[in-house]
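Read through the structure below, which is laid out as structure tokens, and then see the notes.
The values are calculated or read from the model by the stated rules, or taken from the named source; none is laboratory data. Because the structure is a prediction, the values reported are computed rather than measured. Ideal geometry is used to build each Cβ from the backbone, glycine not excepted, and the neighbour counts take in all protein chains shown. These accessible areas exclude ligands, DNA and RNA; they are computed on the full protein's heavy atoms, side chains included. Shrake-Rupley method; radii C 1.70, N 1.55, O 1.52, S 1.80 Å.
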Amino acid sequence: KMGHYYESAKRVAEWFNSCTGISTLPKVPVSNMFHVQFAHPKEEVEPVLVELGQETGIGITGYVKEQNSGSCYFEVHMGD
């Protein structure tokens with residue numbers, strides 16, 4: 001299943017990278033895991049992610065880590 005997870009990670013990372021103020025590290029994943037970085041404070045990002053989860057029923061992450069006062073990130077794993 002790892003090949004499928006890897007291809008999914010690349011596709012999802014491409015979607016994130018198409019958004020203004022959002023990027024992934026690495027830009028093109030080399031495995032089924034990558035980081036999503038926001039050029040926005042954690043306090044702005046968390047409510048949006050909660051709302052997205054409530055509207056779609058899909059939870060992207062359980063945490064957001066602050067990098068500095070103006071940016072934050074979380075980790076994405078593709079799998080079962």
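Dipole magnitude for the chain: about 360 debye, using +1 per Lys or Arg Cβ and -1 per Asp or Glu Cβ, origin at the Cα centre.
Backbone amide hydrogens, once placed in the peptide plane, bring Q67 within less than 5 Å of C72, Y73, excluding anything fewer than 5 places away on its chain. For segment 1-45 and segment 49-64, what is the separation of their Cα centres, given in Å? First find each Cα centre; the distance between them is then 15 Å.
What is the angle, in °, between the Cα long axis of helix 42-56 and the longest principal axis of the Cα atoms in the chain? Nearest 10 is fine, range 0 to 90. The two axes meet at around 50 degrees. At a 1.4 Å probe, what is the % contribution of carbon and sulfur to the accessible area of segment 6-80? Within segment 6-80, the accessible surface is 55 percent carbon and sulfur. Under 5 Å from the amide H of F34 lie the amide H atoms of V76, each residue being 5 or more positions distant or on a separate chain, with H modelled from the backbone and absent for Pro and chain starts. Extension gain, E51 to V30: 0.36 nm times the residue separation minus the Cα-Cα distance gives 4.6 nm. Helical content alone sets the calculated 222 nm signal of the chain at -13000 deg cm²/dmol, taking -39,500 (n - 2.57) per DSSP H segment of four or more residues and averaging over every residue. In a DSSP loop and with at most 12 other Cβ atoms within 10 Å, the trypsin sites (Lys or Arg not before Pro) in the chain are K1, K27.
Length available on full extension from E44 to H77: 0.36 nm per residue minus the Cα-Cα distance, which gives 9.6 nm.
With a probe of 1.4 Å, find how much accessible area the chain has per residue, and write the answer as a whole number in Å². Mind showing how you got there, number by number?
Working: 5270 Å² over 80 residues.
Result: 66 Å² of accessible area for each residue.
Values of log10 I(q)/I(0) for the chain across q = 0.14, 0.16, 0.24, 0.26 Å⁻¹ run -0.45, -0.59, -1.20, -1.31, by the Debye formula with one identical scatterer at each alpha carbon and no solvent. Karplus-based coupling profile of segment 15-27, in residue order and whole Hz: 4, 4, 5, 7, 8, 5, x, 10, 9, 10, 10, x, 4, with θ = phi - 60° in 6.51 cos²θ - 1.76 cosθ + 1.60 and x standing for Gly or Pro.
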